[in-house]
């Protein structure tokens, strides 16, 4: 495990921060920069590393995270250098819940995504299909897909799966303890999103990336119609 | 001095009409046969000749070469798509990737105003001294237009960025109707902007010709084809448009027409990645590769459309295995193998160029290591999902490097013009001399 880089990934608001919390409780070293301190919205912290976003230009920071875990939004997985090995825990969540949660978050900050919710769901679904296909093709990346709701409802089973995926190095019971059903039920009543909030700018950035991915598909389709590709 | 006698200096305006994929031989034939009477008159009073396009002979490269007057080694557009070296994923170069100034940008620095309509590879639109709507591949009218007033006008008239060529596969009647309607809106926009805006350079391209040729080239050659009359009638309409546009042009004003490549009948498509695979230059991790993410680390070379060959260098690609010591030997071996490629007893490859034979400049390091030109009739492709070396699809027409069109409304000595020369010619006609471009003025 020591040379492998563990990554928690998925769309924003899909449970990635919850997973980071579980792994930390289980004994993994999480790589974060604590640039954003814990606050009312997020009493447990943000579990983020700003440097991750610059991976396309500079991936040298990966040398210092081997044997540890870092959070990385799904779109950035394409930029992972191919000469390293990764274990990715990919969080999946019902798309409607993700969108609703993102919109609520944006609205709370006085903003709103201009793209129609249905359109956004379609774009995200296409993105997930593409990334899953791409991940399957990568020999240097192992992936464990987990469902957010299933973790809440069956924390022990999922903690065991995670532990097995990460070579049985974790404390399963401590991981399970971090999944507090009552806490999440309370949060659900308020905002339909028990996960830890993400920055609104990150959500907007990701919307732009997903739209660009969609544009790429349209370009491919036009080129194919003229006999290219 | 001769140049100054040809054109009245005080005008310094130029009109340029692009006809995407229209061969010189076709125009010449139609002019002589009476199908294009307006062109026939233009031919009499001016110079219509054959021109050589870029290498490779695809619209993105050819139009970029036209609009900058430099070779792809300087403008950086080698084709419609590239592989991102770090992860083998697709990247689609766009107008923001063009590394050289366009002729309208240069003209703008000399206070000349330009109207640019539908030139391929100008998406997304960039600010200029004038107005622009981008051509293929353009996805969104707002992002394709500059300034906003251009977008507002085009949106109001229902302007169409392009023909939906995918219709040709199932609904050829709809495809033909789409060609006509797109052409109609294009002409409407061209006429309106010509008449209502101030400009010094007016550049517009008709690209419906290319879409027509890709799918219905066979209809031209087969008079019994159900779309033969449609093909001919489209050129009749095109001729009417050319005639009407030329009537607007002041008698002393230079009027240029050009195409970015020629067209010919496809005998067979030839899938070069299959050839490389058969010769063990190219290997995949799976027997049914879906993308270049499936490329095997032992691969020595691969092809990107239409005929660009890249050696799988260690220092360029994460799974690359070719080191610089092997480079020369490998590419020479590859060249010999390519030249020996034959289909049904006929040789397919007319020429193989090494990168330094045809490219130079700041973008040279991104150039394909070899580029291949086929004999006429063989349409080279870079697909990785084919299992056979050759095939045929619904596409009946393919590009040619030779037999592109150049026209100017003056008698000139037209010796071997190349598309790289046209932009420089336009600048010269505007009294703007640029000495550091690769093209040579044709007048």
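Here are some notes:
- The listed residue being at negative phi, out of contact with any strand residue (DSSP E or B) (no Cβ under 6 Å at 6 or more places or on another chain) and within 14 Å of chain A (Cβ to nearest Cβ), out of B:139, B:220: B:139
- Being under 17 Å from residue A:6 (Cα atoms), without any contact (Cβ under 8 Å) to a residue 60 or more places away in the chain and surrounded by fewer than 18 Cβ atoms within 10 Å (Cβ to Cβ) is a property that holds for residue A:139.
- Among the residues of region A:139-149, at least one is within 14 Å of chain B (Cβ to nearest Cβ) and either under 17 Å from the mean Cα position of the chain (by Cα) or in a helix (DSSP H, G or I) (or both).
- Residue match in region B:303-315 (condition: assigned to a helix (DSSP H, G or I), within 13 Å of another protein chain (Cβ to nearest Cβ), crowded, with 23+ Cβ neighbours inside 10 Å and touching a residue at least 40 places away in the same chain (Cβ under 8 Å)): no
To keep it simple, each residue is scored yes or no on (1) farther than 30 Å from residue B:219 by Cβ; (2) in contact (Cβ under 8 Å) with a residue 60 or more places away in the chain; (3) over 20 Å from the mean Cα position of the chain (by Cα).
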position: B:116; (1), (2), (3): yes, yes, no
position: B:132; (1), (2), (3): yes, no, no
position: B:147; (1), (2), (3): yes, no, yes
position: B:175; (1), (2), (3): no, no, yes
position: B:182; (1), (2), (3): no, no, no
position: B:186; (1), (2), (3): no, yes, no
position: B:189; (1), (2), (3): no, yes, yes
position: B:196; (1), (2), (3): yes, no, yes
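- Scanning region B:264-293 for residues that are free of Cβ contacts under 8 Å to residues at least 24 places away in the same chain and within 12 Å of another protein chain (Cβ to nearest Cβ) gives B:285, B:286.
- Any hit, region B:181-199, residues being within 14 Å of chain A (Cβ to nearest Cβ) and either closer than 24 Å to residue B:24 by Cβ or surrounded by fewer than 23 Cβ atoms within 10 Å (Cβ to Cβ) (or both): yes
- Of all residues in region B:202-214, none are touching a helix residue (DSSP H, G or I) at 6+ places or on another chain (Cβ under 9 Å), free of Cβ contacts under 8 Å to residues at least 12 places away in the same chain and assigned by TED's automatic domain parsing to the domain that holds residue B:120.
- Selection of region A:198-227 for residues being surrounded by fewer than 19 Cβ atoms within 10 Å (Cβ to Cβ) and not in a helix (DSSP H, G or I) yields only A:199.
- Test for residue B:168: is it surrounded by fewer than 24 Cβ atoms within 10 Å (Cβ to Cβ), away from chain A (no Cβ under 14 Å) and in contact (Cβ under 8 Å) with a residue 60 or more places away in the chain: no
- Screening residue B:395 against (1) surrounded by fewer than 20 Cβ atoms within 10 Å (Cβ to Cβ); (2) within 14 Å of chain A (Cβ to nearest Cβ); (3) touching a helix residue (DSSP H, G or I) at 6+ places or on another chain (Cβ under 7 Å) leaves a single unmet condition, (1).
- Scan region A:101-114 for residues that are in a loop (DSSP other than H, G, I, E, B) and crowded, with 17+ Cβ neighbours inside 10 Å and the total you get is 1.
- If the condition is being within 28 Å of residue A:212 (Cα to Cα) and either in a loop (DSSP other than H, G, I, E, B) or modelled with pLDDT of 90 or more (or both), then region A:39-68 contributes A:46, A:47, A:48, A:49, A:55, A:56, A:57, A:58, A:59.
- Residue check for residue B:128: modelled with pLDDT of 95 or more and assigned to a loop (DSSP other than H, G, I, E, B): yes
- Filter pass, residue A:98 being in contact (Cβ under 8 Å) with a residue 12 or more places away in the chain, within 30 Å of residue B:319 (Cβ to Cβ) and surrounded by 15 or more Cβ atoms within 10 Å (Cβ to Cβ): no
- Looking only at region B:142-162, and only at residues there that are in a loop (DSSP other than H, G, I, E, B) and out of contact with any strand residue (DSSP E or B) (no Cβ under 9 Å at 6 or more places or on another chain), the one that is nearest to the other protein chains (Cβ to nearest Cβ): B:160
- Of the residues screened, residue B:404 is one that is outside the structural domain of residue B:302 (by TED's automatic domain parsing) and under 20 Å from the mean Cα position of the chain (by Cα).
- Scanning region B:411-430 for residues that are surrounded by fewer than 16 Cβ atoms within 10 Å (Cβ to Cβ) and at pLDDT 95 or above yields one hit, B:411.
- Per the conditions (1) buried (at least 20 other Cβ atoms within 10 Å of the Cβ); (2) within 14 Å of another protein chain (Cβ to nearest Cβ); (3) more than 17 Å from the chain's Cα centre (by Cα), the sole criterion not satisfied by residue B:91 is (1).
- Test: residue in region B:95-102 that is within 14 Å of chain A (Cβ to nearest Cβ), farther than 30 Å from residue B:252 by Cα and in contact with a helix residue (DSSP H, G or I) (Cβ under 6 Å, 6 or more places away or on another chain): no
- Qualifying residue in region B:362-382 (condition: in a loop (DSSP other than H, G, I, E, B), in contact with a helix residue (DSSP H, G or I) (Cβ under 7 Å, 6 or more places away or on another chain), within 14 Å of chain A (Cβ to nearest Cβ) and at pLDDT 95 or above): yes
The values are calculated or read from the model by the stated rules, or taken from the named source; none is laboratory data. Just so you know, these numbers come straight off a predicted model, no measurement behind them. Using ideal geometry, Cβ is built from the backbone for each residue, glycine included, and neighbour counts are taken over all protein chains shown.
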